[in-house]
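What follows is a single structure, written as structure tokens, with notes after it.
Any read-out appearing in this document is the output of simple, stated calculations on the displayed coordinates, not a laboratory observation. The structure displayed is predicted, hence computed values, not measured ones. Note that each Cβ is placed from the backbone with ideal geometry, even for glycine, and that neighbours are counted across all protein chains shown.
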Amino acid sequence: MTFHKYLPKIHIHPVLMIFIGISLITGTFMELSIIIAIVLFHELGHFIMAKFFDWRIKSIMLWVFGGVMDTDEHGNRPLREEALVTIAGPFQHMIIYIILYFSTHVEIFPLSVVELIFYYNTAILIFNLLPIWPLDGGKLLFLCLSGYFPYKKAYHSVIIFSMITCLLLLLVQLFLFPFTLSAFFIMLFLFMENRSDWKQRYYVFIRFLLKRYEGNAPIKDVHPVNVLAENTLMDVFNTFMREKKHSIYITFPDNQRKSIDEADCLRSYFHDKHYDKTVGEVFNYIN
């Protein structure tokens, strides 16, 4: 068995390829090499922690000042576990600081190179902690929101907040700070990524529900959901929260109340394909 079987596929985003070309033309390839090395070390932290928790990792996409780890985990892991995987990336920067500290005493690198590494290490760390999806800061914000709000509301909120933040940062850069093409492209890229994720939000939510239907979601608590008989199954699903099992209480027009389990709704939707049924119809169907 060879070592490469333990590693994920690494893809380079077209935006990064453009920056590589620009660095070759402008003579800044060494700076870009330092950035890519730091990004790889950052992603290594995510990867090691994810493998520790037996995550199924498809690939890693690298782009300037960051990367995205593509996994088969879609809201079906404990919040604490996802938080540790997310924090593992920024933690790698602390290791780089320690290495730089000792390297200044033994002169492993020239001082100019150490200063460059220190600068880019700090810049990448701060950038990745911005509360913008899919940066680490955005993921941590999403996890915090997921602990208090339904999954769908938390996901939609973080995407909208990220797009607004990107636009504000673009305006700040255009009118308050000296214009830099690289910063402009990075913010524009993040905005377009969030715009793309917003268009795919329905499919992300369906994947979350499918994982619950398959029984792979962690459960820590029971959360009651009160609905009317005329509410659709999707109305019920919109209230689902992570790490909680939902007891659904249906109120009928005659004010009678009945309870069903979330598994009944999920089975009716995914197995029986009753996409347009109301929860009242689901209850009558079960009984």
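Descriptive notes on the structure:
- For the chain, a crude dipole built from +1 on the beta carbon of Lys and Arg and -1 on the beta carbon of Asp and Glu, taken about the Cα centre, is about 380 debye to the nearest 20.
- Note, ³J(HN,Hα) from phi for the stretch 206-220, Karplus 6.51, -1.76, 1.60, rounded to Hz, x at Gly and Pro: 5, 4, 4, 5, 5, 5, 5, 5, 6, x, 9, 8, x, 10, 10
- Computed from the C-beta positions of F29 and E81, the FRET efficiency with R₀ = 35 Å rounds to 0.35.
- Summarising the amide proton neighbourhood of H223: residues at separation of 5 or more, or on other chains, whose placed amide H is nearer than 5 Å comprise K245, H246, S247.
- Distance violations [Cα-Cα > 22 Å] among K9/K51; K9/K220; K58/K153; K139/K277; K139/K211; K51/K152: K9/K220; K58/K153; K139/K277; K51/K152
- Cα-based shape type of the stretch 219-286, given that a ≥ b ≥ c are square roots of the gyration tensor eigenvalues and the cut on a/c is 1.5: oblate
- Loop-located chymotrypsin sites (Phe, Trp or Tyr not before Pro) in the stretch 129-210 (DSSP state other than H, G, I, E, B) with a sparse environment of at most 11 neighbouring Cβ atoms within 10 Å: Y148, F179.
- Euclidean distance between Cα centres, the stretch 224-287 to the stretch 18-77, Å: 41 Å
- Under a 5 Å amide H cut-off, with hydrogens placed 1.01 Å from N, H11 pairs with I60, M61, L62 among residues at least 5 apart or on other chains.
- Expected 222 nm ellipticity per residue - DSSP helices of 4 or more, -39500 (n - 2.57), all of the chain, to 500: -20000 deg cm²/dmol
- Taken over the stretch 16-139, the ratio of Cα radius of gyration to 2.2 N^0.38 Å equals 1.14.
- Amide H contacts for H274 (H built 1.01 Å from N in the peptide plane; partners 5 or more residues away or on another chain; cut-off under 5 Å): Y269.
- Charged-residue dipole, Cβ positions (Lys, Arg, Asp, Glu), the stretch 147-213 about Cα centre, Debye nearest 20: 480 debye
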